[in-house]
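Below: the structure, in structure tokens.
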Amino acid sequence: MKIVSILCISLILYFTSHSEVSQHLRARSIGETIGYIPERHVMKIISLNHKTMMSEWLFLKTIVYYGGKVEESTSGTKKAIDYPAMYKFMDVSTYIDPFNIDSYYFSQAIFPWEGMVKETNYLLERGLQHRTWDFYIPFFLSFNNFYFLKDYKNASRYMERAARLKREPLLMNLAARFMYETNQTELAIAFLKEMIENTWNEKVKKSLLLRLQALEAIDSIQKAMRQYERVNNKRPEDLRELIKKGFMATIPKDPYGGEFYIDKDGKIKTTSMLIQKKQAL
């Protein structure tokens, strides 16, 4: 009874204190404003046992508002889109029901491209905690970190998680590539070995083995280069010096058909870019 009384009093106070705001919002068209909602903890209380329904309603209201704005832009009467208000609706939606995949997908599709990358990642982290089986959430986080934030280390971490959930060759190879690009070649090798061990599909396994062979070749060259630098206090100008000075018997072959070389930053690269002919891995 106490909870019900408190809830009733809260609702009365809310509608009384916001009567002017409500009148102003009603005076405008649906396409002009997305409206106002209380803070997320208040909405969670108001939702009672209908959190899933409330979360979906917030999602639908947001896409109706956004769709109206897009329609306005096509008719030549474009008006500013209230992205912060839209974000608040999605924040409340995922807070009330952290399993609502619609709100996560919509947020990823819209907000990062409007400069709200960290805000989007905040929502996705919420999804990561609850939708532990969904590979799309870490995949989105990986993409945002890689493409928008240039945070390659976190991009590789999230992509690895996505690959472990989905076990598709594309995700597995992307995860390994991100690790390689962030100087985590040994970690990429360990990751691929685990994926190969737990993959039953022979075509997938073949694809992963090819990437593994390439990274193992790169790792062997990197180790030889580090030994060279310790002895000579400088970086070799090209890979032939490693053979000439006795640090390697031969330069391993790139299984993708390219040739390994040292780039301007001292990183081992290959002319194949770790891409199989006629098929990007």
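The values are calculated or read from the model by the stated rules, or taken from the named source; none is laboratory data. Just so you know, these numbers come straight off a predicted model, no measurement behind them. Cβ coordinates were reconstructed from backbone atoms using ideal geometry, including for glycine residues, and neighbour counts include every protein chain displayed.
A few points about this structure:
- Residue satisfying all of: in the range 73-106; more than 20 Å from I37 (Cα to Cα) and among the charged types (D, E, K, R); modelled with the lowest pLDDT among these: K78
- Odd one out for R28, checked against (1) of a type in the set (K, R); (2) surrounded by fewer than 12 Cβ atoms within 10 Å (Cβ to Cβ); (3) at pLDDT 85 or above: (3)
- Look at the range 179-200: where a residue is at pLDDT 80 or above and a partner is surrounded by 17 or more Cβ atoms within 10 Å (Cβ to Cβ) and part of a loop (DSSP other than H, G, I, E, B), sitting 6+ places away or on another chain with Cβ atoms under 8 Å, you get Y180/L274.
To keep it simple, each residue is scored yes or no on (1) out of contact with any Leu (no Cβ under 7 Å at 6 or more places or on another chain); (2) of a type outside the set (A, V, I, L, M); (3) within 22 Å of M179 (Cβ to Cβ).
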residue: A217; (1), (2), (3): yes, no, yes
residue: S220; (1), (2), (3): yes, yes, yes
residue: A224; (1), (2), (3): no, no, yes
residue: Y228; (1), (2), (3): no, yes, no
residue: K234; (1), (2), (3): yes, yes, no
residue: D238; (1), (2), (3): yes, yes, no
residue: M248; (1), (2), (3): no, no, no
residue: Y256; (1), (2), (3): no, yes, yes
residue: F260; (1), (2), (3): no, yes, yes
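- All of (1) in a helix (DSSP H, G or I); (2) surrounded by fewer than 18 Cβ atoms within 10 Å (Cβ to Cβ); (3) of a type in the set (F, W, Y) hold for W200 with one exception: (1).
- The single residue among E186, E160 that is in a helix (DSSP H, G or I), closer than 26 Å to I275 by Cα and outside the structural domain of I268 (by TED's automatic domain parsing) turns out to be E160.
- The test for being hydroxyl-bearing (S, T, Y) and modelled with pLDDT under 95 holds for Y147.
- Candidates in the range 94-118 are the residues that are among the aliphatic types (A, V, I, L, M) and touching a residue at least 40 places away in the same chain (Cβ under 8 Å); of these, the one that is surrounded by the fewest Cβ atoms within 10 Å (Cβ to Cβ) is I110.
- Any pair with Cβ under 9 angstrom, 6 or more apart, that starts in the range 255-273 at a residue that is under 13 Å from L215 (Cβ atoms) and in the same structural domain as E181 (by TED's automatic domain parsing) and ends at one that is basic (K, R) and surrounded by fewer than 12 Cβ atoms within 10 Å (Cβ to Cβ): Y256/K277
- R161 fulfils the conditions (1) modelled with pLDDT under 95; (2) within 10 Å of the chain's Cα centre (by Cα); (3) not acidic (D, E) except for a single criterion, (2).
- Residue in the range 119-133 that is under 17 Å from L60 (Cβ atoms), buried (at least 17 other Cβ atoms within 10 Å of the Cβ), touching a Leu at 6+ places or on another chain (Cβ under 9 Å) and of a type outside the set (A, V, I, L, M) present: no
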